[in-house]
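Before any comments, here is the structure.
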Amino acid sequence: MEEKVTLFSDITPQEQELMRSCLGVREVTFQNNETIMEYSSVMNKIGLIEEGQALLYCCDEDGDQYMIDELNQGSVFGEPFLLPEDSHHYYVCAKKMTRIMFIDYAHVIKRCEKACRHHSQMVSNLLQMTALQSRQKTNRIFVLSRTTTQKKIMAYLNGLAGEQGSRDIRLPMTYTTMAQYLGVDRSAMMRELKNLSEQKVIIKEGRNIRLQGNL
């Protein structure tokens, strides 16, 4: 399993404190269902989830809403990670009490006067995280392109097994959120999970799933 890169990987807590002033950092706490950020066509800021959980939504020109991604502690979001289409509305909503660190994007890409090592390290981390999110979006496109609900489920579970480095996986989201993520009806998804269990392809206990084999 790959080591997870965060915005502050290889940056000490002392260095993080020194960076707060030059990065224009501000911290805000949001309550459940409160909108954290609405995307614009300008790269204004980056958000880092310090505590809590949020969801990234897209609302299309017909007013239909889709859940695009689940954001947990350590996740980053903002225009640099998603180039919004003019016809779509993107926003991040808190799923419970969530504390966010906002960083001005201009301060991130602008070389600070002291040319400090930790600033360069953060830019490197940001590039790696952007590449990772691009790969994750490619993987999701693969999952959504499967022709049946069962195939979508198995593609998603196999992807999680790869990420977690084990065939014993823990779902990172609720089944309701998983159905939204896969773009399928929740009842139909639960029926297919039951079928997969009966076929002994998986063993399911709550949100813990063991992959027994392939279809």
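The values are calculated or read from the model by the stated rules, or taken from the named source; none is laboratory data. Predicted, not measured: the structure shown is a model, and the values here were computed from it. Glycine also receives a Cβ, built like all others from the backbone with ideal geometry; neighbour counts cover every protein chain displayed.
Data for the structure
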item	result
The stretch 164-215, residues that are surrounded by 15 or more Cβ atoms within 10 Å (Cβ to Cβ) and modelled with pLDDT under 90	172, 173, 177, 180, 181
Filtered residues of the stretch 99-156 (kept if surrounded by 12 or more Cβ atoms within 10 Å (Cβ to Cβ) and outside any helix (DSSP H, G or I))	99, 100, 101, 102, 103, 104, 110, 112, 116, 146
Condition check for residue 105: touching an Asp or Glu at 6+ places or on another chain (Cβ under 8 Å) and within 29 Å of residue 178 (Cα to Cα)	no
Given (1) hydrophobic (A, V, I, L, M, F, W, C); (2) out of contact with any Leu (no Cβ under 9 Å at 6 or more places or on another chain); (3) at pLDDT 85 or above; (4) within 20 Å of residue 129 (Cα to Cα), number of the condition residue 30 does not satisfy	(4)
Which numbered condition residue 6 fails, given (1) in the same structural domain as residue 120 (by TED's automatic domain parsing); (2) not in a helix (DSSP H, G or I)	(1)
The one condition in (1) of a type outside the set (A, V, I, L, M, F, W, C); (2) closer than 21 Å to residue 177 by Cβ; (3) without any contact (Cβ under 8 Å) to a residue 24 or more places away in the chain that residue 62 fails to fulfil	(2)
Filtered residue count, the stretch 155-171, keeping only those that are closer than 11 Å to residue 143 by Cα and either without any contact (Cβ under 8 Å) to a residue 40 or more places away in the chain or in contact with an Asp or Glu (Cβ under 9 Å, 6 or more places away or on another chain) (or both)	3
Flag if residue 118 is more than 23 Å from residue 29 (Cβ to Cβ) and modelled with pLDDT of 85 or more	no
Residue satisfying all of: in the stretch 75-94; in a loop (DSSP other than H, G, I, E, B) and within 20 Å of residue 144 (Cβ to Cβ); farthest from the chain's Cα centre (by Cα) among these	87
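Every residue, every condition in (1) in a strand (DSSP E or B); (2) surrounded by fewer than 17 Cβ atoms within 10 Å (Cβ to Cβ); (3) not hydroxyl-bearing (Ser, Thr, Tyr), yes or no:
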residue: 33; (1), (2), (3): no, yes, yes
residue: 40; (1), (2), (3): no, yes, no
residue: 57; (1), (2), (3): yes, no, no
residue: 63; (1), (2), (3): no, yes, yes
residue: 73; (1), (2), (3): no, yes, yes
